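Reviewing the structure listed below.
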Amino acid sequence: TIKELMISINNGERSFLLLGSQGVGKNKITDRLAEIANMEREYIQLHRDSTIGSLTLSPSLEDGRIIWKDSPLVRAVQRGTALVIDEADKAPTEVTSVLKSLVEDGELLLADGRRISGNPTS
């Protein structure tokens with residue numbers, strides 16, 4: 001229930017999974033929980049064309065130039081904020097494997113050699 005989920009969040013749990021059909025309000029529930037718990041959040045939406053590279057870098061247009069910045073995934077891990085991953089079931093296996101590895105190992109090695117983890121000392 002939502003009450004049990006809020007108790008878990010207040011006790012320091014930061015991982016939860018909401019499953020449901022499209023359009024039932026999973027993102028709205030997540031946004032409201034983050035607001036109530038005073039948690040910042042990042043958001044990524046996966047699809048069949050998602051790549052490992054798109055998990056870690058995102059393009060941004062600045063002064064007419066494309067600049068590559070850390071993705072919401074990288075920012076969430078570095079800052080310890082909540083991360084909403086939408087439509088993970090549509091992503092290729094190698095993409096979900098990277099996410100699974102991050103959850104299990106607590107860290108991720110980026111293509112540029114940086115190692116990120118949920119540990120603030122890393």
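Evaluated against (1) in contact (Cβ under 8 Å) with a residue 40 or more places away in the chain; (2) part of a strand (DSSP E or B); (3) of a type outside the set (Asp, Glu), Val77 falls short on exactly one condition, (2). Does Glu13 qualify as being of a type in the set (Asp, Glu) and in a loop (DSSP other than H, G, I, E, B)? Taking the combined requirement at face value, the residue satisfies it.
Of the residues that sit in the range 50-71 and are at pLDDT 90 or above and among the hydrophobic types (A, V, I, L, M, F, W, C), which one is least open to solvent (accessible area, probe 1.4 Å)? In this case the residue turns out to be Ile67.
As a summary of the residue check, Glu94 satisfies the conditions (1) modelled with pLDDT of 85 or more; (2) in contact with an Asp or Glu (Cβ under 7 Å, 6 or more places away or on another chain) except for the one numbered (2). Listed conditions (1) of a type in the set (Lys, Arg); (2) loosely packed, with under 14 Cβ neighbours inside 10 Å; (3) in contact with a strand residue (DSSP E or B) (Cβ under 7 Å, 6 or more places away or on another chain) are all met by Arg32, apart from (3). One residue stands out among those in the range 36-49 that are of a type in the set (Asp, Glu) and touching a strand residue (DSSP E or B) at 6+ places or on another chain (Cβ under 9 Å): the one that is surrounded by the fewest Cβ atoms within 10 Å (Cβ to Cβ), which is Glu40. The set of residues in the range 30-49 that are acidic (Asp, Glu), in a loop (DSSP other than H, G, I, E, B) and closer than 16 Å to Leu73 by Cα contains only Glu40.
The values are calculated or read from the model by the stated rules, or taken from the named source; none is laboratory data. Predicted model, so just to flag it, every value in this text is computed and none were measured. Positions of Cβ are generated from backbone atoms using ideal geometry, with glycine treated the same way; all protein chains shown enter the neighbour counts. We work out accessible area using only protein heavy atoms, side chains counted, and drop any ligands, DNA or RNA first. Shrake-Rupley method; radii C 1.70, N 1.55, O 1.52, S 1.80 Å.
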